[in-house]
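Report on the structure given below.
The values are calculated or read from the model by the stated rules, or taken from the named source; none is laboratory data. Everything numeric in this text was worked out from a predicted model, so none of it was measured. Note: ideal-geometry Cβ built from the backbone for every residue, glycine included; neighbour counts use all protein chains shown.
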Amino acid sequence: MEHLIGGLPPVTFMLAFGITLFAGLVKGAVGFAMPMIMISGLGSFLPGHEALAALILPTLLTNFAQAFRQGPRAAWESAVKFRLFLGVTVLFILISAQFVLMIPNAVMFVLLGVPIIAFAGVQLAGIPMIIPIHHRARAATLLGVVAGLYGGISGVWGPPLIVYLLSTGTEKREQLRVQGVVFLIGSMMLLVAHLRSGVLNATTLPLSALMVIPAALGMWLGFRLHDRLDPVRFRWWTLALLALAGVNLVRRGLLG
């Protein structure tokens, strides 16, 4: 009988390890994309609910490191500043997570992916899209609803937040910290929600715990890369990964 690691054969486990290491590297460098990389990578050889379960603990712990990299006070100030987006996202993660095992994702993925591709494409083409200050509360509410709905179902709630941060001209270091704060609270809600939904259970929890190791190593390497990126290059890489996230969402919607 083949020895299993975290419930997986050794070769499969090492593949999952490598995908999670890369996801941590990207997250440390630009602040997001770990769930996108893990759910798409792991989902290519694991059942969808198992891939979702595997990313929950790595996401939670790397978000903690990201949120508190400049200390608790800076993290708290970011939480207060973006409290509307945060509150709406958390609420809708809790609501949508209860339907994860019964809602078909195809149409929802396409509906989220297409506008994300359009936004990133326009920005990369050099056409600025800035949300006026008097419309920011409305934009935060709308994008928070979208982030929460998709976050509870797929574990991916980063793209709507990135759109909001880029559109409001948030500075590079604060952007990384805000993502960490929002993602941390969202991932805490995801943990609670999927303990209730049954996605995270005695069978899937060991794999999720083991994936913390490559995620943490990748995150450390990614932080080092982030510190060397100038603001223009950081924005370009963020938009490029955002476009990739949109393409991947559409691919998942059309091809499954």
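Taking residues in the range 65-79 that are under 10 Å from V182 (Cβ atoms), and partners anywhere that are among the basic types (K, R), the pairs with Cβ atoms closer than 7 Å and at least 6 places apart or on different chains are A67/R177; S78/R177. The set of residues in the range 198-237 being part of a helix (DSSP H, G or I) and under 16 Å from the mean Cα position of the chain (by Cα) consists of S208, V212, A215, A216, G218, M219, G222, W237.
Suppose the filter is within 13 Å of the chain's Cα centre (by Cα), at pLDDT 85 or above, assigned to a helix (DSSP H, G or I) and over 13 Å from A216 (Cα atoms); does I37 pass it? It is false that I37 is within 13 Å of the chain's Cα centre (by Cα), at pLDDT 85 or above, assigned to a helix (DSSP H, G or I) and over 13 Å from A216 (Cα atoms).
Filtered by the rule that a residue be within 21 Å of L124 (Cβ to Cβ) and free of Cβ contacts under 8 Å to residues at least 12 places away in the same chain, the range 206-237 gives D230, V232, R233.
Considering (1) modelled with pLDDT under 80; (2) farther than 18 Å from T170 by Cα; (3) surrounded by 17 or more Cβ atoms within 10 Å (Cβ to Cβ); (4) of a type outside the set (S, T, N, Q), the lone condition that V88 does not fulfil carries the number (1). Of all the criteria given as (1) part of a helix (DSSP H, G or I); (2) at pLDDT below 80; (3) under 15 Å from P160 (Cα atoms); (4) over 16 Å from the mean Cα position of the chain (by Cα), the one not satisfied by V122 is (3). Checked against (1) among the aliphatic types (A, V, I, L, M); (2) closer than 20 Å to V247 by Cβ; (3) modelled with pLDDT under 80; (4) surrounded by 16 or more Cβ atoms within 10 Å (Cβ to Cβ), I131 passes all but a single condition, namely (2). For L4, the stated conditions do not hold, so it cannot be described as surrounded by fewer than 24 Cβ atoms within 10 Å (Cβ to Cβ), touching a Gly at 6+ places or on another chain (Cβ under 6 Å) and over 18 Å from V182 (Cβ atoms). Only one of these is modelled with pLDDT of 85 or more, buried (at least 18 other Cβ atoms within 10 Å of the Cβ) and either over 30 Å from L166 (Cα atoms) or out of contact with any helix residue (DSSP H, G or I) (no Cβ under 8 Å at 6 or more places or on another chain) (or both): A16, A23, A54, A29. Name it. Among A16, A23, A54, A29, only A16 is modelled with pLDDT of 85 or more, buried (at least 18 other Cβ atoms within 10 Å of the Cβ) and either over 30 Å from L166 (Cα atoms) or out of contact with any helix residue (DSSP H, G or I) (no Cβ under 8 Å at 6 or more places or on another chain) (or both). Exactly one residue out of L190, L225, L254, L217 is among the aliphatic types (A, V, I, L, M) and exposed (fewer than 14 other Cβ atoms within 10 Å of the Cβ), and it is L254.
I'd like the full set of residues that are in contact with a Pro (Cβ under 8 Å, 6 or more places away or on another chain) and among the hydrophobic types (A, V, I, L, M, F, W, C), limited to the range 229-248.
Once the filter is applied, which keeps residues that are in contact with a Pro (Cβ under 8 Å, 6 or more places away or on another chain) and among the hydrophobic types (A, V, I, L, M, F, W, C), the range 229-248 yields L242, A245.
Quick check on the range 3-20. Is at least one of its residues assigned to a helix (DSSP H, G or I), under 30 Å from Q98 (Cβ atoms) and under 14 Å from the mean Cα position of the chain (by Cα)? Yes, the conditions are met somewhere in the range 3-20.
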